[in-house]
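The block underneath contains the structure these notes are about, expressed in structure tokens.
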């Protein structure tokens, strides 16, 4: 399989897991069989446009998100000083939004909190605490003084561990 091949099953599984939806629940809600959906996620079945649209609607995503081929990966970094963090960003200073956010223990960063009009990247930097970062099948801990840069249009989850987290979020 070439890198530019669309992998609908992998994309469906990634989106479903990011939303913490079981395969059984998706089967019940979409009125599709569990075995069909499992086979679909494991590239054993093809899918009609009608079924693809039904699943996309259930998952709350655009069909394009299921069909996309995206090679972009998160960039993890260590930055002990704010200057290092700003250097990692590689942003045009005329198109930057900077946010400071306190995330309570075990809470998830709200996806719709920030506006990302005309922005390409989102960079999270931890001033204190630890988070679990989930993105496209990657699950990683990020601690104080570390961060991650991601494409702004890609789904991700950031969840505080057992202590409060202070985040700096840069969009550019």
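See the values below:
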quantity	calculated
Output for the stretch 126-152, where each listed residue is free of Cβ contacts under 8 Å to residues at least 60 places away in the same chain, surrounded by 18 or more Cβ atoms within 10 Å (Cβ to Cβ) and under 16 Å from the mean Cα position of the chain (by Cα)	131, 133
Matching residues in the stretch 46-65 - criterion: being over 19 Å from residue 152 (Cβ atoms) and in contact (Cβ under 8 Å) with a residue 24 or more places away in the chain	47, 52, 54, 55, 58, 59
Selected residue (criterion: modelled with the highest pLDDT) from residues of the stretch 63-76 that are surrounded by 12 or more Cβ atoms within 10 Å (Cβ to Cβ) and more than 26 Å from residue 141 (Cα to Cα)	63
Yes/no for residue 137 being on the phi > 0 side of the Ramachandran plot and at pLDDT below 85	yes
Flag for residue 150 being modelled with pLDDT under 90, not in a loop (DSSP other than H, G, I, E, B) and not assigned by TED's automatic domain parsing to the domain that holds residue 13	yes
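The values are calculated or read from the model by the stated rules, or taken from the named source; none is laboratory data. These figures come from a predicted structure and were not determined experimentally. Reconstructed Cβ throughout: ideal geometry from the backbone, glycine too, with neighbour counts over all protein chains shown.
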